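The values are calculated or read from the model by the stated rules, or taken from the named source; none is laboratory data. Everything numeric here is computed off the predicted structure, so don't read it as measured data. Cβ atoms come from the backbone with ideal geometry, glycine included; neighbour counts cover every protein chain shown.
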Amino acid sequence: MATEQKTYQRKLSDEEAQGQYILVLKNGLDVFPKPGKPFSLMIQSDGETKKAEVMLSEVPRWSVGPSKPKNSYKIDLREFRSLYPLHFGKKIVITKTAENEYTLS
């Protein structure tokens, strides 16, 4: 059975670049597995491809106040900083290539 190819794109903020993570907005959640479920991310950089096991993590936000917390979601790439350094304004594209397999370019 063929997997529908879904894509998530964004330009990184300075906060993401400094923290070495990719923020996943609500409109991109349907591209990824549920938070906490690991998936494979093939990282393409300088002609090389490396496989990384990552997951979507919930990050509580108190922008509406403590009585109505909201969650944001991120993919932490600190462990892969040397392979795929993140910087402000970098355009990232994550494509679902198979069940629980994604490519970052």
**Complete:** Residue pairs qualifying under the 6 Å Cβ cut-off, at least six apart or on distinct chains, with the first in the stretch 58-81 being within 25 Å of PHE39 (Cβ to Cβ) and β-branched (Val, Ile, Thr) and the second being outside any loop (DSSP other than H, G, I, E, B) and modelled with pLDDT under 90, are VAL59/SER72
**Prompt:** So which strands (runs of 3 or more DSSP E) stay within the stretch 15-99 end to end and still have 3 or more residues that are closer than 25 Å to GLN5 by Cβ?
**Reply:** 21-24, 39-45, 48-54, 70-76, 91-98
**Asked** Being within 18 Å of GLU101 (Cα to Cα), within 11 Å of the chain's Cα centre (by Cα) and modelled with pLDDT of 85 or more, is that true of even one residue in the stretch 10-18?
**Response** no
**Asked** In the stretch 19-31, what residues are loosely packed, with under 13 Cβ neighbours inside 10 Å and within 11 Å of the chain's Cα centre (by Cα)?
**Response** LEU25
**Complete:** Checked LYS34, LYS50 against criteria (over 16 Å from VAL93 (Cα atoms) and surrounded by fewer than 16 Cβ atoms within 10 Å (Cβ to Cβ)); the one match is LYS34
